[in-house]
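Nothing in this text is a laboratory measurement; each read-out follows from the coordinates by a stated rule. These numbers were taken from a predicted model, which means no experiment stands behind them. Using ideal geometry, Cβ is built from the backbone for each residue, glycine included, and neighbour counts are taken over all protein chains shown.
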């Protein structure tokens, strides 16, 4: 018998808290400010490294019955002990600093993190200087940075507060040196410093020369300079000022008309406002809040902008009236006290709420005023989220719409309904996509959900090229962006892609973000960056005095160790460690790997994008006694050597033409002679129909891409789909109709041959070549080829033809095969028979010698993710008959239906285009 009690942990903790309250089995008493706290050493040690060290490291306190705790207040200790025994944390606003000091001392990380977050969210003009000094004293850099930014945004107001006069000299200097102080003139900075000096002139006058080094001399008025020089200074002391000759950011303001309306700004998909600078004739974008309707804007004499409006649609918080203030530094609108608006009421039972929520349990049992109130206002929770959580509390059933998940998760975190928060996080993990993963990462970081943060980080790392092009990527805060750029497992083919992504992030808000470029450069591995991009980085350096320093790591990232390999596939199954697989062969080393295939699939289609992403679609699944045609689409995850499901195709397809062109994947044919063609958009995980092909394809077809067109070749004829015109055109037919065509693009032309024949057919076959400029098929090369099966493939920058010829040997009384490899020589339009085949032929000759068609896709793979190299003997061959299944009911029976397709004008970064050009360009490969 093997059972588990999911409630055991909670029951034990509740029991320990009950023992503490009764004073039973306690083994230590904490003395704090004259008050005694009976406790259990084990509980204290379990949640506090401070107490664990005290009780396990041989200190005297380990044996004392009473332990005196210094530098912790009575209230703070009571709060922390309640958290240790219940997992519930509550502190009044006036206790927050004392609790944070105690949490830092006792090393209770959760409490200190939550208190710091509370202090960040409750900064105001009167307390921000106190918080800055407190954060500096505790060494909390995040809280310190938040309070510094708050002060710089409101320096005029903060400088008039009494707490500003208490700042120590180093903090005051760091503030006065900041370029983004929001002040109208340099005189305001000087006057603030002089007020600080005059507050305690006897002690602080000596610091005036040091403070003057923060003042920008050329922007100080003559009267203010005279006042500074007149101050009583030590004999012989000469005031030296800052040599910076640029104005602070706020002083570069320009009077502009703001044009408001329901229109889209030129450079943004969002509907933002336009600011016009008539003097320079330039337009700027003022970001507007999402979903705000019927708003009004007012400006004060001090250039503060305020907005009032109503959220009416498209938001989880629709129905709310909002009041906001414009943050010039961030180009964002910050919420102020919302306008009153009627909210739904939820009649409830206190005992039900308390039974499922520690938040409500604490509210109703700890003597708060809400324990007796008939109506309680719950802030920061939407009515939709509250309704969802109450439904769960009363029914145990959780249901929410996709657009409500984040809102419900926030509410569950606040109300401490753990199951709901966990399920919402799990839903978000399972529904990550390229468009939302950066938003989810930001959200998980804000909530402190480490598991969701790690999952979204891993998702972004595995699809970095695509995610970096999304608008949400540009919203990442600096800390998260640095964490991503430092990862070893970024799936991108070159360091240049990483640098370009970071530069897009900087350029999105260059005025504020350019200062972070030196910090970002520490994530870049300069040995792998192109010289052109290094020069661009150096030219963007924000200061002539700052030198860019790069990462010391010399390792290649995971996505940069990709090696060009050949993926071979044909009818029948290969098993590798009980999984179905395709041979993945590296001719440069002669090593063979297993590329695992999902769902016991056969006759599927495979394509590769210029970004080295692999997609697999359709096929026949033999998981059941009756083979089933599939609509499934999968994307390959290099890191896990697995295939991840994407949106299903609209129609089941077997051995269809699957091609990638200009950001889309097209599926053509393989659907029971239907003419329908569909297109997949990876950015939104969606299939849509495009114009049908003019003639049904009843036989096997192949599809390739060239320039901005798709070419389809079959026995029924040849057709071309122009993506620009969005229509099909008839193209010239081949000289010889193709029963089993295989085509490939190479150096701006299409090469095609009939790759499989009946073994009794001894006729020879020629390769035909199509140049779109000439619009006709021509015989390619200096002769024809006799074979049973043939495979066209591009490896490196060279086109090859691999043929297998089987003949009966009367003397040996068995079938013997001859494998030949021909290398195409484009300069003389000739095929060279390679006598020395080198490593180009994989170590699976027996498999290639069979009469079944073999297709080959050349793609860049990661050896370490594919696993250890294997022998072909490790790949156990199973024909369809071996599986006691037959696909005779299907008309498409040959091959996998995948081909090597290229996209020559896809608008991708130069490095990736160069990779693709390398595969397409023609020259002899002397190594093979």
Please identify which residues in the range 390-407 have an amide N closer than 20 Å to a label point set 7 Å out from the Cα of residue 345, following the Cα→Cβ vector. 390-391
Beyond 12 Å, what share of the Cα-Cα pairs of the range 370-411 remains, rounded to the nearest whole percent? 62
Label model pair residue 221, residue 479: point-to-point distance (7 angstrom along the Cα→beta-carbon line) in nm is 4.1
Ranked on Cβ counts within 10 Å of their own Cβ, fewest leading, 142, 395, 786 go 395, 142, 786
Stokes-Einstein D (µm²/s) once Rh is taken as the Kirkwood radius of the range 704-758 over alpha-carbon pairs, at 10 °C in 1.306 mPa s: 134
Ordering 21-31, 174-184 by per-residue average of other C-beta atoms within 10 angstrom, highest first, gives 174-184, 21-31
Potential lengthening between residue 285 and residue 354 on full extension [0.36 nm per residue; Cα-Cα distance subtracted]: 20.0 nm
Please list the radius of gyration and Dmax for the range 391-449, considering alpha-carbon atoms only, with Å as the unit. 11.4, 36
Along its three principal axes, how long is the range 432-560 when you only count alpha carbons? Whole Å, largest extent first please. 40, 32, 22
Burial ordering of 12, 249, fewest other beta-carbon atoms within 10 Å first: 12, 249
12 Å cut-off, amide nitrogen to a point 7 angstrom out along residue 368 Cα→Cβ, residues in the range 73-114: 89-93
Kindly give the semi-axes, whole Å and largest first, of the ellipsoid equivalent to the range 334-463, taking each as the square root of 5 times a Cα gyration tensor eigenvalue. 30, 16, 14
Placing each pseudo-label 7 Å from Cα in the direction of the beta carbon, residue 708 and residue 90 end up separated by a distance in nanometres of 6.5
How do 350, 20 rank when sorted from fewest to most other Cβ atoms within 10 Å of their own Cβ? 350, 20
Pair-distance profile P(r), taking every C-alpha pair of the range 29-87, with 10 angstrom steps and integer %: 23, 60, 17
Viscosity 1.306 mPa s, temperature 10 °C: Stokes-Einstein D of the range 646-788 from its Kirkwood Cα radius, in µm² per second? 100
Going by average Cβ neighbours within 10 Å, how do the peptides 748-756, 860-868 rank, with the highest at the top? 748-756, 860-868
Stretch gain in nm, segment residue 122-residue 764, where the contour uses 0.36 nm per residue and the Cα spacing is subtracted: 222.9 nm
At 7 Å along Cα-to-Cβ for each site, give me the label-to-label distance between residue 36 and residue 688 in nm. 7.6
Residue 626 to residue 240: extension gain in nm, 0.36 nm per residue of separation minus the Cα-Cα distance? 130.1 nm
Rounded, prolate or oblate: which fits the range 8-237, taking a ≥ b ≥ c as square roots of the Cα gyration tensor eigenvalues, rounded meaning a/c under 1.5, else prolate when a/b beats b/c? prolate
Which of the peptides 697-710, 421-434 is most tightly packed, and how do the rest follow, going by the mean number of other Cβ atoms within 10 Å of each residue? 697-710, 421-434
